[in-house]
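The values are calculated or read from the model by the stated rules, or taken from the named source; none is laboratory data. None of the values given here were measured: they were computed from a predicted structure. Cβ coordinates were reconstructed from backbone atoms using ideal geometry, including for glycine residues, and neighbour counts include every protein chain displayed. Surface accessibility is based on the protein's heavy atoms, side chains included, excluding ligands, DNA and RNA. Shrake-Rupley method; radii C 1.70, N 1.55, O 1.52, S 1.80 Å.
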Amino acid sequence: MQEKEKFMKEALKEAKKAYEKLEVPVGCVIVKDGKIIAKAHNQKETKLDTTKHAEILAIQKASRKLKSWRLYDCDMYVTLEPCSMCAGAIINARIRNVFIGALDEKTGAVGSVFNLFTEYKFNHKVSFEKGILNNECSGILKEFFKKLRDKKKQYFE
């Protein structure tokens with residue numbers, strides 16, 4: 001198994017934690033020097049805070065661990081394409097590479113709707129790669145939303 005898949009599997013474990021909490025199942029890990037330094041999953045519903053995306057929480061944890069907001073030489077593995085808020089935070093945190101599982105055709109800010117990493121002139125450039133374990137990453141999201149729709153259907157019957 002390649003390193004990318006190994007770390008994306010760890011991000012998927014975080015997504016499963018979100019799923020169990022009835023959160024949109026997105027997971028994220030940040031890696032430095034081949035070691036995970038931060039893990040997180042969505043907590044918007046649990047914390048009642050729209051900014052509690054997996055990426056933001058992982059950036060905060062990594063910053064505390066490294067005692068710096070600059071996450072130079074760090075790579076992020078996230079199960080769903082970052083939104084504009086998260087893409088902006090990734091740029092500002094100076095993350096080197098982002099590895100993305102599933103695409104987000106509705107709010108993705110790394111190419112699906114627009115690309116914050118390439119279409120604008122920021123002081124930091126982020127490299128990225130999409131489609132890492134795409135089937136697994138999109139599968140957990142599809143399953144989650146299907147269960148949510150089925151639950152709503154039962155409620156209204």
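Before moving on, here are some points about what is shown:
- The string of couplings for the range 106-116 from the Karplus curve (6.51, -1.76, 1.60, θ = phi - 60°) is 9, 9, x, 10, 10, x, 6, 9, 7, 10, 5 Hz, one whole number per residue in order, with x for Gly and Pro.
- Under the convention that each Lys and Arg Cβ holds +1 and each Asp and Glu Cβ holds -1, the size of the dipole of the chain around its Cα centre is about 480 debye.
- Point-to-point label distance, Lys142-Asn97, nm (Cα→Cβ direction, 7 Å offset): 2.8
- Heavy-atom surface of the chain, accessible at 1.4 Å and reported per residue (Å²): 57
- Electrostatic dipole magnitude of the range 3-83 [Cβ: Lys, Arg +1; Asp, Glu -1; Cα centre; debye, to 20]: 380
- Structure note, pairs Lys39/Lys130; Lys13/Lys121; Lys17/Lys61; Lys4/Lys67; Lys35/Lys147; Lys44/Lys121: Cα-Cα distances above 28 angstrom occur for Lys13/Lys121; Lys35/Lys147; Lys44/Lys121.
- Restricting the range 92-148 to GluC sites (Glu not before Pro) in coil, as DSSP defines it, with at most 10 other Cβ within 10 Å: Glu105, Glu119
- Alpha carbon centroid spacing (whole Å) that separates the range 26-82 from the range 85-139: 13
- For Gly27, residues with placed amide H under 5 Å, excluding near neighbours: Ala15, Thr79, Leu80
- Share, in percent, of DSSP beta bridges within the chain that are antiparallel, nearest 5: 60
- Of the Cα atoms belonging to the chain, the radius of gyration and Dmax stand at 15.3, 54 Å.
- Our coupling estimate for the range 73-80, obtained by passing each phi through the Karplus curve with A = 6.51, B = -1.76, C = 1.60 and θ = phi - 60°, is 6, 10, 10, 10, 10, 9, 6, 9 Hz, Gly and Pro reported as x.
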